[in-house]
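Peer 1: Before anything else, here's the structure in question.
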Amino acid sequence: MPSAKKPFVSVGIPTLGRGQILLNTIHMVLAQGYELFEVIVADQSLEHNKKFLAKLKGLKTDRRLRYFFVAPKSLPAARNFILKKAKGELIIFIDDDVQLKKDFISTHVHEHLRHPEVSVIAGRVEQKGLPLSDSPLYFNKYGLPQGTFNCPNSGPCEDFPGGNHSVRTSVLKKIGGYHTAYKKDAVREESDTSHRLHEAGFNMFYSAEASAVHLSVGHGGSRIYKVQFDSLRFYINDLLFMLRTVRLRYLPISIFKRARIYTGGPFGRRFKRAGIFLAGFITALWLLIFERKSYPAREVRGR
C-alpha cells in the first residue's frame, strides 16, 4: 500500500437486536475525522420499533451510510455480506456497541501505512472486567487461548478481535472471508479467519493505539447469556475451531485439556457439562466433515 496515498475505508458493522446503542455507534463513526470512508451496516434483526426507524431515516441522509437488512441470522455471514458490498481498500470491522475516539479510523489507516508488510491490524479492546495482559490474545499449540486484547503493548500478533480489526479487502476476499459454520454466538469465527490468514502467509500487527471500548450491553447481539461451559453452542464452535486448527499430533491432549477445563465444578454440574461436551464434539465433527462451504447472507426487507 503506497504511503503517499490515503486509502478509502469501509467500516463494517454487523448487528442484531440493538436499538439506540447501534445508532450511537453509527453516529460515532460518521463523526470520524478521517474523510475517505463509508459505513456498511448488516442488520440481522429485521424488526425495529418506529422510534428507531425514524431516527435511522434521519441518519440515512448521510450518503456515507449504507444500511442493509440481511438474513439468515449469522455473524460471519453478515461479515461476508459487508465484505462483498465494501468499496474500500481497507475494511474495518467493529461491534455495534462500542465507543470510539474521533481518530479511530485514522489510527487504523496510519498503522497500515506504517506497517506495509502486514495485512491485518488488530485493535485493542477495552471492556469492563477484561483483565490487562502482557501480550495480545493468541492460541497455543493445543488451540487454547492465552492473553487478552486488552493489552497495552503493540507488536506482531497472531489473532485479532472480531469487534476491532482492519484488513486489506483484497486479502480477506482471497481467503474466502469468514466461515459460517460458526453459528449463534459464533465464538472463534474471527480466530478461524486469523488462522487461515497465517496459513496463507499474511502478517498481522496488534495496535494498542487503535482502541475501542466495548460496552457489552445486556440486550441484543449474539453473545451467550449463561455460563459458557453450560452452553452447547459454545462447545460446538470451540471444538470446531480446535478440529480445524490444531495439528493432529496435539489433538488428543487438546481434547483432554478442554474436557478438564470445561467440565469442572460440583459433581452434578460436571456430569451435565461432560454430556454437553460430548454432544458438542460430535456436532463439531459433523460440521468439519459436511459443512465445508460458507453460505451467503441475502438482503431482505426490514421494518
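The values are calculated or read from the model by the stated rules, or taken from the named source; none is laboratory data. Values in this document were obtained by computation on a predicted structure and should not be read as measured data. Every residue, glycine among them, receives a Cβ derived from its backbone with ideal geometry; neighbour counts consider all protein chains shown. Note: areas computed on protein heavy atoms with side chains; ligands, DNA, RNA excluded. Shrake-Rupley method; radii C 1.70, N 1.55, O 1.52, S 1.80 Å.
Peer 1: What distance in nm lies between label points placed 7 Å from Cα along the C-beta direction at TYR295 and ARG247?
Peer 2: Using points 7 Å along Cα→Cβ, the separation is 3.5 nm.
Peer 1: Continuing with this model, one more query. Whose amide H sits under 5 Å from the amide H of VAL300, counting only residues 5 or more places off or on another chain, with H placed in the peptide plane?
Peer 2: PHE69, VAL70, ALA71
Peer 1: Please give the charge dipole size of segment 1-148, origin at the Cα centre, charges +1 on K and R Cβ atoms and -1 on D and E Cβ atoms. Round to the nearest 20 debye.
Peer 2: Here segment 1-148 has a charge dipole of around 540 debye.
Peer 1: Ok, one more. Counting helices only, and only those DSSP H runs with n ≥ 4, report the 222 nm mean residue ellipticity of the chain as the sum of -39,500 (n - 2.57) divided by its residues, in deg cm²/dmol to the nearest 500.
Peer 2: -11500 deg cm²/dmol
Peer 1: Using the beta-carbon distance between LYS87 and VAL213 and R0 = 30 Å, what value does 1/(1 + (r/R0)^6) give for FRET efficiency, to the nearest 0.05?
Peer 2: The pair LYS87/VAL213 has a calculated efficiency of 0.65.
Peer 1: With +1 on each Lys and Arg Cβ and -1 on each Asp and Glu Cβ, and nothing else charged, work out how big the dipole of the chain is about its Cα centre, in Debye to the nearest 20.
Peer 2: 980 debye
Peer 1: Could you check the spin-label model distance between PHE256 and GLN146? Points 7 Å from the Cα along Cα→Cβ, value in nm.
Peer 2: Label at PHE256, label at GLN146, 1.9 nm between them.
Peer 1: Excluding residues on the same chain fewer than 8 positions from LYS87, give the aspartates and glutamates whose Cα lies under 15 Å from its Cα.
Peer 2: Result set, ordered by chain and number: GLU35, GLU38.
Peer 1: Moving on. Magnitude of the Cβ-charge dipole of segment 164-303, K/R +1 and D/E -1, about the Cα centre, nearest 20 debye?
Peer 2: It comes to approximately 400 debye.
Peer 1: Below 26 Å, Cα to Cα, which lysines can LYS183 reach? Residues fewer than 8 away in the same chain don't count.
Peer 2: Output for LYS183: LYS73, LYS84, LYS85, LYS128, LYS141, LYS173, LYS174, LYS226, LYS257, LYS272, LYS293.
Peer 1: So if R0 is 35 Å, what FRET efficiency would TRP286 and HIS198 give, r being the distance between their Cβ atoms, rounded to the nearest 0.05?
Peer 2: 0.85
Peer 1: For a quick protection proxy, order the peptides 246-258, 80-92, 24-36 by their average other-Cβ count within 10 Å, most packed first.
Peer 2: The densest-packed peptide leads the list: 80-92, 24-36, 246-258.
Peer 1: Contour minus end-to-end for LYS60 and SER133, with contour as 0.36 nm per residue of separation and end-to-end as the Cα-Cα distance?
Peer 2: 22.3 nm
Peer 1: With a 1.4 Å probe and all protein chains kept in place, how much accessible area does ILE21 have, in Å² rounded to the nearest 10?
Peer 2: Here the residue's solvent-accessible area equals roughly 30 Å².
Peer 1: Show me the helices of the chain, taken as full DSSP H stretches, that run 18 Å or more along their long axis by Cα and average -0.5 or above in Kyte-Doolittle hydropathy.
Peer 2: 232-245, 267-290
Peer 1: Another one. Which residue, chosen from TYR295, LEU248, ILE26, occupies the Cα position most advanced towards the positive end of the dipole of the chain, where the dipole is computed from +1 (Lys, Arg) and -1 (Asp, Glu) charges on Cβ about the Cα centre?
Peer 2: Value: TYR295.
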